[in-house]
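Here is the structure we will look at, set down as structure tokens.
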Amino acid sequence: MSTQGKSDLPLEAYWMPYTANRQFKADPRIIVAAKDVWFTDDKGRQILDGHSGLWTSGLGHGQEAITKAVADQIQLLDFCPPFQFGHPTAFKLADRVLQLMPGNLSHVFFTNSGSESADTSLKMARAYWQLKGRSGKTRFIGRQKGYHGVNYGGTAVGGIAANRRVFGESLQVDHLRHTLLTENKFCRGMPESGAYLAEELAELIALHDASTIAAVILEPMAGSAGVIPPPVGYLQRIRELCDAHEILLIFDEVITGLGRCGAYTGAAAFGVNPDILNLAKQITNGAVPMGAVIVAPDIYNTFMDNGGPNHVLEFAHGYTYSGHPVACAAGLAALELLVEGQWPERVARESSFFESNLHDTLSEKPYVTDVRNFGFAGALTLEPYKKDPLKRPFEVAMKMWEKGFLVRYGGDTIQLAPHFVMARKQITSLIEALGDSLREIAD
């Protein structure tokens, strides 16, 4: 069945996000329904969702418990002003989130996305040091290939050049080198080599002095840049250096949080606890936009202790839709399903199957220069065209769409993120179709 052709929809008015609008509107890919691990397109085709939506929907689409919770909540309370007022579901969800967090993280601040979580955490870090009387601690350290959303602060600390190029400088930021090393190509899981790269943080501290650095912000495992697991010992050394020099450590767990790594957080999976942890995506299983920033007690208490009279707000920050009742209802239902189904544990058990299938099937396919994985996240790096490094992943992803599979393409990578509930035969069909697509574009 041909998948090409115009749509009857009025396509022109919508400026689509992170999309090649000209190409899309010439050859639209319209999704009209979703259930379990499947999308349905506007031609009635069933599309196996190989990326859990957009790292969002590990429990599968159309979960009835989430749908019911959302419907019930919107009938009962469709909106509550979050400034100076509250509603029960927000307090319940914050408490539920904390039960799944590592270390001593103690308080939850709700946002509406991963981008908002990133900028919120940066503002918290700067304000924290101001309140501590350390006003010189304003600099942030990010990492090359890091992704922290698209708002102003997150763009600044992010390390994907194409996302920053046209926006100019904003915050005081330096970047650690990424950990995608030649010697670790085709590594299965966490690479043994590369922990030494954490010493670059010590060099930046020596360059700028710790008295100027507010926080280090990292994804425990880089996701959007193409699934880059941390080298063994790397995150532990980053934590040690932050502790030694009184620098906050922020983990951006918008992708790694709530099951993707075979634990409730990447922090738990990799054995390192941050001072601030950012969530989004999986918190509602993608059903309703939501994010969260979870902080250690000292951070929360510093704001409370320096807030002035009790009637004065302590943190001049928030969003109209922070802790929205409908989003909170979706979050409570999604986390209940996640815990009751023991889906992170299932990811941990099945990750070896995914890993073997991914590497054994794809490592020798045309144009594949690297394969990486951790938990239920995997990626290929593809050999680029000489003058267009972005084209081959696009070609592969379009070939997959023709075959009835959705995968993510970004930069020089193809990315897979199976649903936590995806059956082995579905994972196998996804990976085999990817191998066939690579072979076909080489012919």
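The values are calculated or read from the model by the stated rules, or taken from the named source; none is laboratory data. All values derive from a computational prediction rather than experimental measurement. Backbone-built Cβ (ideal geometry, glycine too); neighbour counts: all protein chains shown.
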Problem set entry | Every residue from the range 342-371 that is under 22 Å from the mean Cα position of the chain (by Cα) and not aliphatic (A, V, I, L, M) | Gln342, Trp343, Pro344, Glu345, Arg346, Arg349, Glu350, Ser351, Ser352, Phe354, Glu355, Asp370
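Here's the yes/no breakdown for (1) outside the structural domain of Pro274 (by TED's automatic domain parsing); (2) surrounded by 15 or more Cβ atoms within 10 Å (Cβ to Cβ); (3) at positive phi; (4) among the polar types (S, T, N, Q):
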residue: Ala34; (1), (2), (3), (4): yes, yes, no, no
residue: Asp41; (1), (2), (3), (4): yes, yes, no, no
residue: Gly50; (1), (2), (3), (4): yes, yes, no, no
residue: Gly53; (1), (2), (3), (4): yes, yes, yes, no
residue: Ser57; (1), (2), (3), (4): yes, yes, no, yes
residue: Phe91; (1), (2), (3), (4): no, no, no, no
residue: Gln99; (1), (2), (3), (4): no, no, no, yes
Exercise. Taking the range 78-95, which residues are in a loop (DSSP other than H, G, I, E, B) and under 10 Å from Cys328 (Cβ atoms)?
Worked result: Cys80, His87
Seminar exercise, completed: Here the residues within the range 151-188 that are farther than 25 Å from Ser117 by Cβ, in contact with a strand residue (DSSP E or B) (Cβ under 6 Å, 6 or more places away or on another chain) and not aromatic (Phe, Trp, Tyr) are Lys185
For this session: Determine if the range 276-288 includes at least one residue that is on the phi > 0 side of the Ramachandran plot, within 12 Å of the chain's Cα centre (by Cα), assigned to a helix (DSSP H, G or I) and of a type outside the set (Gly, Ala, Ser).
Result: yes
For this session: Hey, can you tell me all the residues within the range 312-355 that are of a type in the set (Asp, Glu), assigned to a helix (DSSP H, G or I) and without any contact (Cβ under 8 Å) to a residue 12 or more places away in the chain?
Result: Glu340
Problem set entry | Unique match (being crowded, with 22+ Cβ neighbours inside 10 Å, free of Cβ contacts under 8 Å to residues at least 40 places away in the same chain, touching a His at 6+ places or on another chain (Cβ under 8 Å) and at negative phi) among Gly153, Gly158, Gly146 | Gly158
Exercise. In contact (Cβ under 8 Å) with a residue 40 or more places away in the chain, buried (at least 24 other Cβ atoms within 10 Å of the Cβ) and of a type in the set (A, V, I, L, M, F, W, C), is that true of Val295?
Worked result: yes
Exercise. Do we have any residue at all in the range 219-233 that's closer than 30 Å to Arg134 by Cβ, in contact with a Leu (Cβ under 6 Å, 6 or more places away or on another chain) and not basic (Lys, Arg)?
Worked result: no
For this session: Would you be able to say whether some residue in the range 372-386 is within 21 Å of the chain's Cα centre (by Cα), basic (Lys, Arg) and not assigned by TED's automatic domain parsing to the domain that holds Gly257?
Result: yes
Problem set entry | Candidates Gly291, Gly308, Gly266, filtered to the one that is farther than 29 Å from Ala195 by Cβ and in contact with a Ser or Thr (Cβ under 6 Å, 6 or more places away or on another chain) | Gly291
Exercise. Under the condition of being of a type in the set (A, V, I, L, M) and either farther than 17 Å from Leu197 by Cβ or not in a loop (DSSP other than H, G, I, E, B) (or both), which residue from the range 224-246 is farthest from the chain's Cα centre (by Cα)?
Worked result: Ala244
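Quick grid of which residues meet (1) closer than 25 Å to Leu54 by Cα; (2) in a strand (DSSP E or B); (3) in contact with a strand residue (DSSP E or B) (Cβ under 6 Å, 6 or more places away or on another chain); (4) assigned by TED's automatic domain parsing to the domain that holds Pro393:
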| site | (1), (2), (3), (4) |
| --- | --- |
| Gly259 | yes, no, no, no |
| Gly262 | yes, no, no, no |
| Ala268 | yes, no, no, no |
| Tyr300 | no, no, yes, no |
| Asn310 | no, no, no, no |
Exercise. Tyr385: among the aromatic types (Phe, Trp, Tyr) and surrounded by fewer than 16 Cβ atoms within 10 Å (Cβ to Cβ), yes or no?
Worked result: yes
